[in-house]
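Following: one structure in structure tokens, then a few remarks.
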Amino acid sequence: MMAWEKMCYPKGMGGMGFRDLQLFNLALLGRQVWRLMTHTDTLCFKVLSAKYFPNGNVFSYKQGDKPSFTWTSIAKVVDALKDGFLWQVGDGNTIDIRKDHWGVDGIQGESVCRSPFNHDERVVKDLWDHNYKRWNRERI
């Protein structure tokens, strides 16, 4: 009797060359997440975003009451992908300083904001001093 993990090894390494179905399923669901990120004009995107991520960003979803099996599966992959993604700041218009992950485990904007809440500062761009082309050090 051979363990399932060994059966998934290539034949040249003593296995049977079977695919690991859990990894294969994860890859297929990851592709669906990619499609939700890049094909925002599809019916699938419109239906799922209306219920689970009304702001249009699949990474800031709400689980909601009684989510479908499909969405529950996609949400697990979204969480796994979120851990592996890093920000490319660009112009700073899309990174929410209070809600988005800062790239360090357990740290999000709300957990490190010491200063009083300023409604004018919502994205990274708002913390940049455009006149002197540097960070606004009083606010950071």
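The values are calculated or read from the model by the stated rules, or taken from the named source; none is laboratory data. Not measured: the values here are computed from a predicted model. All Cβ positions, glycine included, derive from the backbone under ideal geometry; neighbour counts span all protein chains shown.
Can we say VAL77 is modelled with pLDDT under 95, in a loop (DSSP other than H, G, I, E, B) and among the hydrophobic types (A, V, I, L, M, F, W, C)? In short, no. Restricting attention to the stretch 20-38 and to residues that are farther than 19 Å from PHE69 by Cβ and surrounded by 11 or more Cβ atoms within 10 Å (Cβ to Cβ), the residue that is farthest from the chain's Cα centre (by Cα) turns out to be ASP20.
Here is the figure for the stretch 1-60: residues that are in a loop (DSSP other than H, G, I, E, B) and of a type in the set (D, E, K, R) total 3.
Let me confirm something: among VAL89, VAL58, VAL78, which residue is of a type in the set (A, V, I, L, M, F, W, C) and within 21 Å of ASP120 (Cβ to Cβ)?
Working: VAL58 fails: within 21 Å of ASP120 (Cβ to Cβ); VAL78 fails: within 21 Å of ASP120 (Cβ to Cβ).
VAL89 is the lone residue from the list that is of a type in the set (A, V, I, L, M, F, W, C) and within 21 Å of ASP120 (Cβ to Cβ).
Within the stretch 80-101, the set of residues being out of contact with any Gly (no Cβ under 8 Å at 6 or more places or on another chain) and assigned to a loop (DSSP other than H, G, I, E, B) comprises PHE85, GLN88, VAL89, GLY90, ASP91, GLY92, ASN93, THR94, ILE95. The test for being farther than 28 Å from LYS125 by Cα and either among the basic types (Lys, Arg) or loosely packed, with under 11 Cβ neighbours inside 10 Å (or both) holds for PHE69.
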